[in-house]
Amino acid sequence: MANNNQLELFTIPNPCIGVCQSNPRGYCIGCLRSRDERFNWHLKTAQEQRKIIQLVSQRKARLIQQQKQQRVANPESISTDSPAQNTLFDSPEDLKGQK
């Protein structure tokens, strides 16, 4: 049986990347956290912070899926004027082809 009271050896780093702008749904476009998740990060327990990181990962996956669907549906609407906004959660695979 797993022990959920395990001692936390390392602090969970704040995922902020300094963009700090909200999208229409209220999530930061840089780190994909909600207002509460951003403003109260330092008050959250390590368990809550891990849960937030998990939620952010899910939001990122949904965002990537939505962007892919949008590109398939409207290939002519893709702007090539400026590069896409990268976030802390972009993997090297996400960044391929953005140069």
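Structure data summary
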| item | result |
| --- | --- |
| Scan of the range 14-47 for residues that are assigned to a helix (DSSP H, G or I), in contact with a Ser or Thr (Cβ under 8 Å, 6 or more places away or on another chain) and of a type in the set (A, V, I, L, M), ordered by number | Ala46 |
| Which numbered condition Gln58 misses (of (1) within 15 Å of the chain's Cα centre (by Cα); (2) surrounded by fewer than 12 Cβ atoms within 10 Å (Cβ to Cβ); (3) at pLDDT below 85) | (3) |
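The values are calculated or read from the model by the stated rules, or taken from the named source; none is laboratory data. Note that the coordinates shown come from a computational prediction; the quantities given were computed from them, not determined experimentally. All Cβ positions, glycine included, derive from the backbone under ideal geometry; neighbour counts span all protein chains shown.
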